[in-house]
Each structure stands twice: as structure tokens, then as C-alpha cells.
Amino acid sequence: MPNVKPLGSASCAMVIFLCGGTSLFAQTYDVAILNGRVMDPETGYDQVANVGISDGWIVKITTDPIEGSDVIDATDHVVAPGFIDSHTHSSQKYALNMSMMDGVTSAYDGEVGAIHIADWYAREEGKWSINYGTCVSHELARMVVMDGLTIDQPSDATEVFDLRALASAEDGVADWSVTRANVEQLNQIMAIIDKGLQEGALCAGSTVGYAGTGISTYEQFELQRTAARYGRATGVHGRFHTSSQNPEAPLGFDEVFTNAYLLDAPLLYSHNNDYGWWEIEEKLQLARAKGLNMWSEYYPYTAGSTSIASDQLKPEAIGALGLEYKDIMYDPSEDKFLTDEEYASISADDPGRAVIVFNPAREEWLPQWLRVPHMVVASDSMWHSEDLGADGDHTEFAGHPRTSGSHSTVLKLARDNDVELMFTLSQLSYWPALHMGGTGVKFLDVRGRMQEGMAADIVIFDPETVAPGSDYKAKMQGTPPLGIPHVMVNGVFTKRDNEPTGELPGQPMRFPVEDASRQVKVDTQVWLNTFTLQDGALDGVGPSFGRGD
């Protein structure tokens, strides 16, 4: 046995293993991933190498031989940072498992969000196979104030369709969607938003696209200002969303873009897949060049999904686009396209039913989204009418295939369109981590990267065969992807040899809880005194034009 001196006096010549060499005492890692093409989109590292993982962290990336208590041979496979999804609506565990099978290791709802944030995180603790988080919901806050709904339990997008129906059940009016708030109601809504941010919500989530009549431009501004007081992003489903042949989508973007610019606030623009998306992306790039933290999302399908009674699916909206229900509206639960009469009947009797709506214009746009810098992949994942459980039969899932196949679809489309794989990994992993991490979510500063010292959230896939298994057909909408044999979350395999392991290592993404509110209430008289010409103003420097905070 070699004569090994104490650690303090050891030298490289005497103790080879302390200096990275090979010896009888070489480190054995918890997991060794061998011979894979290791790709890091932050640094551009791209080399066949070995990865050593211990205690949930990437400890070593090297071309030297390593050993592990558990070994994965990744020959001919890419070893990449796990995918990060900023638009996961469901806390339903079967749907989340579908996302994990598609390579997602961290997901949060940056659009609809949740209410009762502290209770929501407590409810979800220890139940996720992937890392999780949520924003605080503008929509649900409006239901409480404008419709008088009692929502005394943590609720999120999984319950939102039923709550939408409940909001209009008594008088037939969904006030959250169509009724403007007065000053007192506005302050009540923002108090709920502020409380959620105080309790650690990742951002404020806005579905103004579903409530364009009810949410005034000033309320939208106040929502973003409430989030900005905490330095947090607002995630926005833009006003006029689904427009495919007129300039209204850019106008809806300009509203929230101007607010964010003036507030020096982060902005996440959800599914930028309408007419004028190119103008929006150009403005976002110019904003980032000025140092502002703004980014957008897409998902790789030409069809969307929402509840059948949504305002944007009403006859006047569809007719204005020159479309007919029989050509664009598919009901996955019935496995057929709907006629005008069927739409009218179902929207009246079952307003929360999820339908799939095709947008032909996106067929031309989709290949271009694959090449847009900082346009990240977000599934907008949905849920089944009831939780099928972790071991549920995927043929029973009825919903948009984006839940089970968004990320594998992007990888296949990028391959077919000769997009550089490193760029695609940036869309899938690095840029989502970079931008939300840039709002102060330190949890994401060590994710979206394949580097020593980073969290071991890892996806292993075959770049030549990776593809979605799901499509729009009934019984195929939840089929797992092909070519993604392994997924690891915090150093634990959640998918191994193409099968879910049942492990639940997901950890919360969340800001620290704060003791005090940061809300500044809107007051009409204060506003008038601050922003209008008052008696005597001409005697001095004139009115003060500031934020009024």
C-alpha cells in the first residue's frame, strides 16, 4: 500500500488522486454517465465525455475514465441540461409525468398561476417528479373580487375552467372577464397579487387575452407595477391573442411592453404565435440589447387549446378571421371536428370543456420560430378531465399533444430543418433558466447548464431518433416520446430505460417569503395631485411627473 501523507502535506507526486489523476483511490460517484456527447449551451462545450454526479450535483465532466455506483452508457446519445418549461398549467400529477417523460426537469405556470401561494406550495411539497413553481394569478384574483367567488383553498389552472363556469353561473355574466374594476376593486385585486408575491410567487400571471373587455389598460399597468415593486416578471397572455391576419396582436404586446419598459421590469410574453410575432421578437431583441430582461415563448404546434366557451372562440371572433368551426375546432373527447350547432350546444352545456383549435397561418411561421434567439419552448401543457394517476394508461389521455410532446417535437423539427442542436438546447434549457433566473430566482442559476457545480437536472436523448410519440388522434394524444431513454432530476432518475421510475425528487422554485406588503394603493386624489396641473403649480417648477410610488 502506498505511503500516503496527511492531506495537509500531500503533494501531486505522492498522491495522484488528489490532483485529478488515476489511482486505486480514484473517486467513485453516485452516478457515472459515460461516453455521451455532453453539450452545454451557456459555454458551448460540446464533447464526448464522462459525467460524475454525487449528492444531486454535477461534480465532474471529463474525458478521463470515471467510476460510479450506478453507471449509464450514453454512447451515441446527447447528455444535456434538463428542459425548463415556463408554461405548465397543470398540477395534475399524470400530466406532469407526461412532461417529465418529454425531458422536462423544471416547470412552472407563468401565465394563469395560482391563488393562496403559501398554501399551494405546502400542498405540492414532495409530490412532483420535476421541480415546480407558480406565479400569482390575476385571473383568479379578479374572480374573487369581481364575481364574489369564495376561493378559500389553493387553486391553480387545473381548477380554472370549472371556476370560470362557476363565476358566471348565478347571473350569466363572467365579471372577471368583462367587467371593469373601480378604484376600490382594483386595490382589492392588487392586494391579492401583492400577497401572493409576498408569499414567494415567481411572478404575476396575466390572462388579459381572456379578459380584454374587463381588464382596463390601467389595471394591466398596475398589475405589472405591483410585480415590479418586487423586481419580478409579469407573464402575459396578450390582449387580442389568436389574431392571425391583422395587427392587433402587436398592439396587445405594445401595451405590456411599454409598461415593462417604463417600470424597468422583467416581461415574459406567452406563446408569441400570432400575426406580427416577428415585429414583437424584433422589439424584444432591441430591449435586451438595452439590458432589459424580456423574452417570449412558443410551442411547436399549429393548433392551440382552451375552454370551448372562451370569448376568443365565439362566432363573431371566428367569423372575423374568415374561419369555420368545422375546419378548425376539434373536440378530443369526442374525437371529431365540431359543427356550428355542436359548438353552440357544448359551449352552453359544458363551457369548461377543452377543445383544440387549428390556426392555418402557423404552418408557415413554425419553422421560423426554431431559429429565433431567446424565444423559448414552453408547452402550455393541459390536463385530463380527471387525474389518471402516475401509472395511468396514456391511451386514456384526451387533450392537446403538446403536454406530452412539445420538447421532443422541437428536437425533431430542428433536426429536420437543419437547426444547430446547441441553439435548440438554448431554447429548451439555457434561455428559460437565464431569464427567469435573472429576475432573482437563484434556483435557476444552477440549472439549464451542463457544467461542474450545477444541479444534476439532466436529459439523455438520441439526436437521430428523438421524436414525439403523440399526435392529435384519439388515444395517441398522451403517447410518450421516442429517443429519450433517461431523465434525471436533482441527481435522481425519474425516467430510466424509457420508463418512469416513480421517484419524486422535485424541489420548489420560489422566492423567500417576506414579512411586509409592498402594495401602494391607487388613490384618485393622490393621482390627480401628482399628475395634473394644480393651483399654484406655475409658481414653482410645475407638476411632478414621476411614478407616484
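The values are calculated or read from the model by the stated rules, or taken from the named source; none is laboratory data. No experiment lies behind these values; they were computed from the predicted model shown. Here the Cβ is made from the backbone with ideal geometry for all residues, glycine too, and neighbour counts use every protein chain on show. The area values use the complete protein model at the heavy-atom level, side chains included, leaving out ligands, DNA and RNA. Shrake-Rupley method; radii C 1.70, N 1.55, O 1.52, S 1.80 Å.
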Normalised radius of gyration for region 368-413, please: alpha carbon Rg relative to 2.2 N^0.38 Å, two decimal places. 1.42
Ratio of alpha-carbon Rg to the 2.2 N^0.38 Å globular estimate for region 446-530, to two decimals, please. 1.89
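Leaving ligands and nucleic acids out of the surface, order Leu323, Leu284, Leu292 by accessible area at 1.4 Å, largest first.
Working: Leu323 50, Leu284 0, Leu292 25 Å².
Ranking Leu323, Leu284, Leu292 by accessible area, largest first, yields Leu323, Leu292, Leu284.
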Region 161-298, accessible surface, carbon-and-sulfur percent (1.4 angstrom probe): 53 percent
Accessible-area value, Glu279, 1.4 Å probe, nucleic acids and ligands omitted, Å²: 70 Å²
Would you please give the residues with an amide H less than 5 Å from that of Gly113, counting only those at least 5 places away or on a separate chain, with H modeled from the backbone geometry? Cys135, Ala157
Residue-by-residue Karplus 3J(HN,Hα) for region 491-496, coefficients 6.51, -1.76, 1.60, Hz, glycine and proline x: x, 10, 6, 9, 9, 9
Any idea of Asp152's accessible area? Nearest 10 Å², probe 1.4 Å. 100 Å²
Amide H contacts under 5 Å for Val71, restricted to residues at least 5 apart in sequence or on another chain and with H modeled in the peptide plane, are Ala32
Over 32 Å (Cα to Cα) among Lys283/Lys336; Lys326/Lys475; Lys93/Lys412; Lys60/Lys442; Lys314/Lys412; Lys60/Lys195 -> Lys283/Lys336; Lys314/Lys412; Lys60/Lys195
Compactness of the chain - radius of gyration and Dmax, Cα, Å: 24.9, 93
In terms of solvent-accessible area of protein heavy atoms at a 1.4 angstrom probe, what is the ranking of Trp278, Trp383, highest value first? Trp278, Trp383
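With +1 on the Cβ of every Lys and Arg and -1 on the Cβ of every Asp and Glu, and nothing else charged, how large is the dipole of region 321-461 about its Cα centre, in debye rounded to the nearest 20? If you can, show how the numbers build up before the last one.
Working: 11 positive and 24 negative charges, 203 e Å.
In total the dipole reaches around 980 debye.
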Taking the Cα centre of each part, how many Å lie between region 91-144 and region 459-515? 16 Å
The Kirkwood hydrodynamic radius of region 105-229, taken as the inverse of the mean 1/r over all distinct Cα pairs, in Å, comes to 14.5 Å
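For the chain, what is the calculated [θ] at 222 nm in deg cm²/dmol (nearest 500), taking -39500 (n - 2.57) for each run of four or more DSSP H residues and dividing by its residue count? Don't skip to the answer; put the middle values down first.
Details: 17 runs with 161 residues, N = 549.
That calculation yields -8500 deg cm²/dmol at 222 nm.
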Long-range amide H partners of His89, meaning residues 5 or more apart or on another chain whose placed amide H is closer than 5 Å, are Ser381
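Determine the per residue accessible area of the chain with all protein chains present and a 1.4 angstrom probe, expressed in square angstrom.
On the way: 22170 Å² over 549 residues.
Per-residue value: 40 Å².
Within region 121-180, list the chymotrypsin sites (Phe, Trp or Tyr not before Pro) lying in a DSSP loop whose Cβ has at most 13 other Cβ atoms in a 10 Å radius. Can you show the working numbers first?
Values: sites: Tyr121, Trp128, Tyr132, Phe161, Trp176; in loops: Trp128.
Hits after loop and neighbour filter: nothing returned.
Do you know the relative contact order of region 80-160, to the nearest whole percent, from alpha carbon pairs under 8 angstrom that are 6+ apart?
Values: 122 pairs, mean separation 29.2, N = 81.
The value is 36 percent.
As a test of reading the structure, rank Glu363, Glu159, Glu170 by solvent-accessible area (1.4 Å probe, protein chains only), most first. Write down the numbers at each step before the final one.
Details: Glu363 125, Glu159 60, Glu170 180 Å².
Greatest to least solvent exposure: Glu170, Glu363, Glu159.
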Apply the Karplus curve 6.51 cos²θ - 1.76 cosθ + 1.60, θ = phi - 60°, to the phi angles in region 28-45 and return the couplings in whole Hz, x for Gly and Pro. 9, 8, 4, 9, 10, 9, 10, 6, x, 7, 7, 10, 10, x, 6, 9, x, 4
Just for the Cα atoms in region 467-507, what are the lengths along the principal axes, largest first, rounded to whole Å? 35, 19, 13
Global size of region 221-344 as Cα Rg and Dmax, reported in angstrom: 16.8, 51
Arg123 accessible area, 1.4 Å probe, all protein chains in place, Å² to nearest 10: 70 Å²
Based on the alpha-carbon gyration tensor of region 324-418 and its eigenvalue square roots a ≥ b ≥ c, which shape applies: rounded if a/c is under 1.5, prolate if not and a/b is larger than b/c, or oblate? oblate
In sequence order, calculated HN-Hα J values of region 203-215 (Karplus, 6.51, -1.76, 1.60; Hz; x Gly/Pro): 6, 9, x, 10, 10, 4, x, 9, 9, x, 6, x, 8
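Could you work out the Rg to Rh ratio of region 192-233, with Rh taken as the Kirkwood radius (inverse of the mean 1/r over all Cα pairs)?
Values: Rg = 10.4 Å, Rh = 10.6 Å.
My calculation puts Rg/Rh at 0.98.
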